[in-house]
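The values are calculated or read from the model by the stated rules, or taken from the named source; none is laboratory data. Treat the numbers as computed from the prediction; the structure is a model and nothing was measured. Neighbour counts run over all protein chains shown; Cβ positions are idealised from the backbone, glycine included. When the accessible area is computed, the model is the full protein with side chains, heavy atoms only, and any ligands, DNA or RNA have been set aside. Shrake-Rupley method; radii C 1.70, N 1.55, O 1.52, S 1.80 Å.
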Amino acid sequence: QVQLVESGGGLVQAGDSLRLSCAASGRTFRSNAMGWFRQAPGKERECVAAVSGSGSSTYYAYSVKGRFTISRDNTENTVFLQMNALKPEDTAVYYCAATSRYSDYVIRPSRYDYWGQGTQVTVSS
């Protein structure tokens, strides 16, 4: 089983940057697709970015494309989300998630089997 722990969230001003980290432990991590999701109050959980097991292919939501970058270091069992040019609408709880059945990236929450506890990102205007 996989354990995921996010870190790096906080309170920033519009235009600032944050780097989220997701530390993974347990088996079946290096070859599986992973993703970052976010959920704001009153909103559905959405996939912000996803990456294949090898790190060779990625997906980004239209709202963050060009500003966010997902990457992974399988040697250190860590997935990152670099967030630049943050906007107030980026405010949400951000979750790291891992699949158990997919090598290529997927974006549906139901395809993910393991979830972190979430980290709050708040962007003021």
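Observations on the model:
- Qualifying residue in segment 71-91 (condition: in a loop (DSSP other than H, G, I, E, B), acidic (Asp, Glu), open to solvent by 50 Å² or more (accessible area, probe 1.4 Å) and within 23 Å of Ser125 (Cβ to Cβ)): no
- Scan of segment 47-65 for residues that are of a type in the set (A, V, I, L, M, F, W, C) and assigned to a loop (DSSP other than H, G, I, E, B), ordered by number: Ala61, Val64
- Picking from residues in segment 92-125 that are open to solvent by 50 Å² or more (accessible area, probe 1.4 Å) and aromatic (Phe, Trp, Tyr), the one that is nearest to Leu11 (Cα to Cα) is Trp115.
- Flag if Val51 is farther than 19 Å from Val121 by Cα, crowded, with 16+ Cβ neighbours inside 10 Å and modelled with pLDDT under 95: no
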